[in-house]
Amino acid sequence: MAARAYWQGQIRLALVSIPVEIYAATKSGAQIAFHQIHEPSGKRVRYEKTVPGLGAIKPEDIVKGFEISKGDYVLLEPEEIEAVKLESKKTLELTQFVDASEIDVLYYERPYYVVPADDLAEEAFIVLREALRRTKKVGLGQLAMRGREYVVSLKPCGRGMVLETLRYADEVNRAQTYFREIDDVKPDTDLLDLAETLIEKKTATFDPDKFHDRYVDALQRLIEKKKKAKGRRILEDTDDAPAKPGGNVIDLMAALKKSVGGGGRAERAAAPKSAAPKKDPAAKRPVKSPPRKRA
């Protein structure tokens, strides 16, 4: 079954319009969902909508409300909310271009693949893709999808392009709030050299297949064991003991040297230089021979 397009429309650059389709580039990984169970009966726990002093209520009597003060709400009908939803204009107009490095990673939210809608759109699509690639720029614009307007970026990706929805400025916490207590000091040069050597030692090509959710794997193993154990309690053994808070102060230099291993350039640079042996001052002076007597 072919994937269903998440959005269909056109990318507009000045007077050029390119019909495109976008598809979700990511999907949810394997998840283990749990239910709350009433142990004596073995039945699932259900929840009811209740109002203090009234008890259980009917679903059709529930409306959305916005709290303007403690206990005081503005009530909104579904039709009123629906009326202010933005209509998808089916057009993404690229209004600005920036260097990719100018957009902080915190602003990126969700990626989508962008492909030309038909053969006629392919030529213009390829021209825009290669122009973005050669200039190393990212296109920016605003796009209405499913009743909401998003800020989006557009950049090349292989033979196609990737559109990413971006967070608005008020959705990102300022880093200064969390980083202001960190001292603004220069690290020790020898320690920095060792850390760089360790990074170089562990540098490799990114392969996402090497990473997987070990917690989900462990839960799946536990569920299989529990089925076979017929209710007997099972505790999984863990290899890593939890770290104790407030442990002993470590020797950072020794820890980095041990992590890097022997023979690194940084380790040789960090090693204390042995002083050259001092020569005896007396050894520097040549021994004078006794004066020769005349015959």
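What follows draws every value from the coordinates through simple rules; no lab data is involved. Everything numeric in this text was worked out from a predicted model, so none of it was measured. Cβ: placed from backbone, ideal geometry, glycine included. Neighbour counts: every protein chain shown.
Which of rounded, prolate or oblate describes region 13-55 when judged by the alpha-carbon gyration tensor and an a/c cut-off of 1.5? Intermediate results must be reported in sequence, preceding the final value.
Values: a/c = 7.84, a/b = 2.25, b/c = 3.48.
Here region 13-55 falls in the oblate category.
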Revision key, fill the gap. Residue-ordered couplings for region 206-223, obtained by feeding phi - 60° into the Karplus form 6.51 cos²θ - 1.76 cosθ + 1.60 and rounding to whole Hz (Gly and Pro as x), are 5, 10, x, 5, 7, 10, 8, 7, 5, 5, 5, 4, 5, 5, 5, 5, 5, 5
Exercise for review: Pick out, from LEU140, THR203, THR177, the residue whose Cα sits farthest towards the positive end of the charge dipole of region 136-217, with +1 on the Cβ of Lys and Arg and -1 on the Cβ of Asp and Glu.
Suggested key: LEU140
Review point. Got a sec? How would HIS35, HIS212 order by Cβ neighbour count within 10 Å, fewest to most?
Key: HIS35, HIS212
Revision key, fill the gap. Under 5 Å from the placed amide H of ALA117, counting only residues 5+ away or on other chains, we find VAL20, GLU21
Exercise for review: Starting from the amide H of GLU149, placed 1.01 Å from N in the peptide plane, find each other amide H under 5 Å away whose residue is 5 or more places distant or on another chain.
Suggested key: none
Exercise for review: Return THR165, THR95 ranked ascending by Cβ neighbour count within 10 Å, so the fewest neighbours appear first.
Suggested key: THR95, THR165
Check your understanding: To the nearest 20 debye, what charge dipole does region 43-108 have about its Cα centre, counting +1 at the Cβ of each Lys and Arg and -1 at the Cβ of each Asp and Glu?
Key -> 640 debye
**Study point:** Ranked list, fewest to most other Cβ atoms within 10 Å of each Cβ, for MET145, MET253
**Key:** MET253, MET145
Point to revise | 17 Å Cα-Cα reach of LYS202 towards aspartates and glutamates, excluding residues that sit fewer than 8 places from it in its own chain | key: ASP193, GLU267
Check your understanding: For LYS136, which aspartates and glutamates qualify as cross-link partners when the Cα separation must be under 18 Å and same-chain residues fewer than eight apart are set aside?
Key -> ASP99, GLU102, ASP104, GLU164
Check your understanding: Hey, what do the phi angles of region 3-15 turn into as Karplus ³J(HN,Hα) couplings, whole Hz, using 6.51/-1.76/1.60 and θ = phi - 60°, x for Gly and Pro?
Key -> 5, 8, 5, 6, 8, 10, x, 9, 9, 10, 10, 6, 9
Exercise for review: Using the Karplus curve 6.51 cos²θ - 1.76 cosθ + 1.60 with θ = phi - 60°, work out ³J(HN,Hα) for each residue of region 156-173 in order, rounded to whole Hz, and write x for Gly and Pro.
Suggested key: x, 8, x, 7, x, 9, 10, 9, 10, 6, 10, 6, 6, 4, 6, 9, 10, 6
Practice item. Please sort by residue number the GluC sites (Glu not before Pro) in region 137-229 whose DSSP state is loop and whose Cβ has at most 16 other Cβ atoms within 10 Å. Key: GLU181
